[in-house]
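Trainee: Before we start, here is the structure in question, set down as structure tokens.
The values are calculated or read from the model by the stated rules, or taken from the named source; none is laboratory data. Since we're looking at a predicted model, the values are computed, not measured. Cβ sites come from the backbone with ideal geometry, for glycine too, and all protein chains shown count toward neighbours.
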Amino acid sequence: MKTADIAIVGAGPAGLAAAGEAVGHGLSVVLMDDNSQPGGQYFRQLPHQFHHVDRIRGGRAGRLFKVIDHPRLHYLPDCVVWNVPEAGVLAYAAGADSGRVRADAIVVAAGATDRPLPFPGWTLPGVVTAGGSQNMIKGQGVRPGEHVVVAGNGPLLLVAAMTLLNAGATVRALVEAAPFQKRARSRLMSLSRSPTLLAQALSWRLQLAAAGTSFLTGQAVIEAHGASALEAVSIAPIDHLGNVDRTHVTTLRADCLVVGNGLAPAVELTRLAGCAHHHDPLLGGWTPRRSADLETTVPGLYAVGDGAAIGGMELALAEGRTAVLAALLQRSASASLRRRRRNLARRLDRLNRFRAAVADIFAPPETFLGLITPATPVCRCENVTLAELEGSAAEGATGMVQQKSTTRLSMGRCQGRYCLATLADLVATRRGIGVADLDWPRIRPPARPVRLGDLLHEAVPPPALPEDPHLPRGS
Amino acid sequence: MTAGTRRLPPGRVEEERFTILADGVPVPAWPGESIAAALLAGARSPAYFCGMGVCRECVVVVNGQAGVRACMTPAAPGMTVDTLPRRGSQA
């Protein structure tokens with residue numbers, strides 16, 4: 001078993017900031033990440049084998065990346081953390097290097113996933129998430145389509161559209177479900193605290209408009225059409241209650257549809273560790289309860305960045321540093337550590353207020369369930385349609401777990417990441433209760449699928465088993 | 001053959017191009033490129049959704065080994081890639 005002062009899960013902005021803070025104060029660190037290069041989704045770079053590429057070296061990002069080469073840091077790329085077998089221990093799969101890490105403090109900075117929502121045709125090839133589109137361009141230098149529609153809800157759609165435009169794609173429309181313009185005007189004041197971001201957003205909108213992109217607000221994609229791959233996209237107005245006006249449908253030809261309705265934190269590990277969670281749509285859904293130190297209800301286990309609560313890159317950096325400082329302050333309370341902690345606390349306050357303002361501008365319709373037709377797969381992996389879920393509910397399987405066991409929804413290879421939130425909305429609406437009060441299926445290891453062969457490399461002593469009554473005594 | 005219209009500069013040099021066999025069809029690829037990127041740039045309409053190794057829709061069989069994430073796994077010269085029949089209907 002490896003040991004370190006601090007084990008960090010995730011080498012995105014939050015994890016790198018935490019690692020930098022830790023080695024800067026003399027701590028030893030094990031940094032585990034599912035990707036082959038550091039940076040997470042935000043700082044995703046082209047493969048190292050590519051030539052003539054401007055690598056992240058200087059500036060703030062460059063300083064973040066430097067920690068990877070620090071002698072007190074052990075970096076494990078291509079590594080999946082799949083369990084928290086006991087307090088202070090993480091189990092990870094990384095081919096022949098698979099094993100466990102024991103640390104005084106654990107910082108989970110596991111990042112987030114897109115929250116795409118079901119509509120007819122959303123399983124067609126050519127329909128990709130906003131993150132998937134970003135990564136294909138930023139991480140692979142491949143344009144995911146030529147004629148693209150970007151649709152959903154939230155500030156990331158504009159980023160995705162701009163990246164596509166810069167990659168040479170024609171962005172035919174940016175379809176935003178929130179009635180954006182009205183709210184934007186009313187909240188410009190609060191956003192003006194961050195003039196750089198505001199100016200950038202306006203400049204991107206102007207560039208897209210100049211290139212022919214239509215900005216459709218208060219609208220949603222109601223269907224993706226195509227035989228074996230995406231060919232066209234139908235769009236219709238959606239009001240703040242989620243009612244879809246199917247009498248005013250626009251259909252655009254497209255070979256790529258980029259979808260996103262915000263992000264959801266990856267809370268598998270904090271759930272497996274037994275941390276208490278609460279449900280807050282503003283923060284992306286289920287989010288671990290955290291103290292001002294960002295410590296979860298499990299002592300010594302900290303959760304930071306978008307993997308805990310969606311807040312963006314700047315907040316992730318400040319949170320990663322805060323968690324490590326808090327862990328340090330539990331050992332020794334020097335005046336300089338306290339001062340740095342106080343400065344970071346002020347920064348966290350400011351960024352949290354900014355998050356609230358952005359969430360208000362992009363406040364989505366109350367529900368997107370009106371987009372789901374009976375034949376729409378709600379669970380992509382197991383191909384479970386709305387009609388099947390309603391059929392099982394009509395036969396008495398009304399809870400989430402009953403719906404899961406009767407239909408196989410969420411039992412496929414994504415482990416429910418892209419369907420359980422929708423099932424919760426369906427069941428909660430049907431029963432007239434809040435999603436937080438439902439019987440969400442419990443989580444079990446592995447947190448993410450791992451190859452059994454990897455785990456055979458783990459040098460773990462055989463577990464102490466009770467004596468087998470069927471064997472002769474003493475054998 | 002050039003890098004193809006969907007591939008963007010910079011990064012790829014012509015001398016390093018190699019071929020993978022996707023469902024029996026030769027598809028060009030470059031060092032460092034993911035299997036998913038090679039399939040997408042090769043107009044194979046692959047299953048590709050989250051792009052960050054989480055949804056696992058892109059899993060393929062590589063040289064007989066199942067459960068390989070096409071979006072997270074680099075292509076390699078001579079690699080045989082078999083895509084899976086899609087379970088989801090096109091509702």
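This table checks each residue for (1) among the polar types (S, T, N, Q); (2) farther than 29 Å from A:Glu231 by Cα; (3) more than 7 Å from chain A (Cβ to nearest Cβ).
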{"site": "B:Ala22", "(1), (2), (3)": "no, no, yes"}
{"site": "B:Val27", "(1), (2), (3)": "no, no, yes"}
{"site": "B:Trp30", "(1), (2), (3)": "no, no, yes"}
{"site": "B:Ile35", "(1), (2), (3)": "no, no, yes"}
{"site": "B:Arg44", "(1), (2), (3)": "no, no, yes"}
{"site": "B:Thr73", "(1), (2), (3)": "yes, no, yes"}
{"site": "B:Met79", "(1), (2), (3)": "no, yes, yes"}
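Trainee: Whether any residue in the range A:418-431 is exposed (fewer than 12 other Cβ atoms within 10 Å of the Cβ), basic (Lys, Arg) and more than 14 Å from chain B (Cβ to nearest Cβ) is what I want to check.
Mentor: As a first pass, look at the range A:418-431 and keep what is exposed (fewer than 12 other Cβ atoms within 10 Å of the Cβ): none.
No, that holds for no residue.
Trainee: Of these, A:Val128, A:Val107, which one is part of a strand (DSSP E or B) and within 23 Å of A:Leu16 (Cβ to Cβ)?
Mentor: Criteria check complete, one pass: A:Val107.
Trainee: Turning to a different aspect of this structure: Being modelled with pLDDT of 95 or more and outside any helix (DSSP H, G or I) is the requirement here; does A:Leu409 meet it?
Mentor: Answer is yes for this residue.
Trainee: Criterion first (of a type in the set (S, T, N, Q) and closer than 25 Å to A:Ala303 by Cα) does A:Gln41 satisfy it?
Mentor: Criteria met by A:Gln41.
Trainee: If I ask for residues that are crowded, with 24+ Cβ neighbours inside 10 Å, among the β-branched types (Val, Ile, Thr) and in contact with a Pro (Cβ under 9 Å, 6 or more places away or on another chain), which ones from the range A:1-43 would you list?
Mentor: Listed by number, the list is empty, since nothing qualifies.
Trainee: I've got another one for you. Return yes when A:Asp104 is surrounded by 16 or more Cβ atoms within 10 Å (Cβ to Cβ), among the acidic types (Asp, Glu), in contact with a Lys or Arg (Cβ under 9 Å, 6 or more places away or on another chain) and farther than 30 Å from A:Leu386 by Cα and no when it is not.
Mentor: The answer is yes for A:Asp104.
Trainee: Name the single residue that is nearest to B:Met79 (Cα to Cα) among those in the range B:45-61 being in contact (Cβ under 8 Å) with a residue 24 or more places away in the chain and either in contact with a Ser or Thr (Cβ under 7 Å, 6 or more places away or on another chain) or part of a loop (DSSP other than H, G, I, E, B) (or both).
Mentor: Here the answer is B:Val60.
Trainee: I'm checking my understanding of the structure. Among residues of the range A:377-417 that are surrounded by fewer than 19 Cβ atoms within 10 Å (Cβ to Cβ) and aliphatic (A, V, I, L, M), which one is nearest to A:Arg442 (Cα to Cα)?
Mentor: Here the residue is A:Val401.
Trainee: Here's something else I'd like to know. Among the numbered criteria (1) in a strand (DSSP E or B); (2) surrounded by 24 or more Cβ atoms within 10 Å (Cβ to Cβ), which single criterion is violated by A:Thr270?
Mentor: (1)
Trainee: Return a yes/no flag: does the range A:142-154 have any residue that is under 22 Å from A:Leu202 (Cα atoms) and assigned to a helix (DSSP H, G or I).
Mentor: Among the residues of the range A:142-154, not one is under 22 Å from A:Leu202 (Cα atoms) and assigned to a helix (DSSP H, G or I), which makes the answer no.
Trainee: Taking the range A:297-314, which residues are assigned to a helix (DSSP H, G or I) and surrounded by fewer than 24 Cβ atoms within 10 Å (Cβ to Cβ)?
Mentor: A:Met313, A:Glu314
Trainee: Further, regarding this structure: If you go through the range A:8-28 one residue at a time, do you hit one that is of a type in the set (S, T, N, Q) and more than 14 Å from A:Val107 (Cα to Cα)?
Mentor: No, the conditions are met nowhere in the range A:8-28.
Trainee: Taking A:Ala220 as the residue in question, decide whether it is in contact with a strand residue (DSSP E or B) (Cβ under 9 Å, 6 or more places away or on another chain), outside any helix (DSSP H, G or I) and either modelled with pLDDT of 90 or more or surrounded by fewer than 16 Cβ atoms within 10 Å (Cβ to Cβ) (or both).
Mentor: Considered against the rule, which asks whether it is in contact with a strand residue (DSSP E or B) (Cβ under 9 Å, 6 or more places away or on another chain), outside any helix (DSSP H, G or I) and either modelled with pLDDT of 90 or more or surrounded by fewer than 16 Cβ atoms within 10 Å (Cβ to Cβ) (or both), A:Ala220 comes out as yes.
Trainee: For the range A:321-344, indicate whether the set of residues that are in a helix (DSSP H, G or I), under 15 Å from A:Ala110 (Cα atoms), modelled with pLDDT of 95 or more and aliphatic (A, V, I, L, M) is non-empty.
Mentor: yes
Trainee: With B:Gly67, B:Gly11 as the choices, which residue is in a loop (DSSP other than H, G, I, E, B), over 18 Å from A:Gly131 (Cα atoms) and facing chain A (nearest Cβ under 8 Å)?
Mentor: So the residue among B:Gly67, B:Gly11 that is in a loop (DSSP other than H, G, I, E, B), over 18 Å from A:Gly131 (Cα atoms) and facing chain A (nearest Cβ under 8 Å) is B:Gly11.
Trainee: Is it the case that B:Phe18 is more than 8 Å from every other protein chain (Cβ to nearest Cβ), of a type in the set (Phe, Trp, Tyr) and touching a strand residue (DSSP E or B) at 6+ places or on another chain (Cβ under 8 Å)?
Mentor: Judged against the criteria, B:Phe18 is a match.
Yes/no per residue for (1) over 22 Å from the mean Cα position of the chain (by Cα); (2) assigned by TED's automatic domain parsing to the domain that holds A:Asp255; (3) within 27 Å of A:Ala357 (Cα to Cα):
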{"position": "A:Arg100", "(1), (2), (3)": "yes, no, no"}
{"position": "A:Gly121", "(1), (2), (3)": "yes, yes, no"}
{"position": "A:Val127", "(1), (2), (3)": "no, yes, no"}
{"position": "A:Gly152", "(1), (2), (3)": "no, yes, yes"}
{"position": "A:Met162", "(1), (2), (3)": "no, yes, yes"}
{"position": "A:Asn166", "(1), (2), (3)": "yes, yes, no"}
{"position": "A:Glu176", "(1), (2), (3)": "no, yes, yes"}
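Trainee: Quick one: count up the residues across the range A:372-418 that are among the hydroxyl-bearing types (Ser, Thr, Tyr) and under 19 Å from A:Thr113 (Cα atoms).
Mentor: Here is the first cut: in the range A:372-418, the ones among the hydroxyl-bearing types (Ser, Thr, Tyr) are A:373, A:376, A:385, A:392, A:398, A:405-407, A:410, A:418.
Now drop any that are not under 19 Å from A:Thr113 (Cα atoms), which leaves A:410, A:418.
The qualifying residues number 2.
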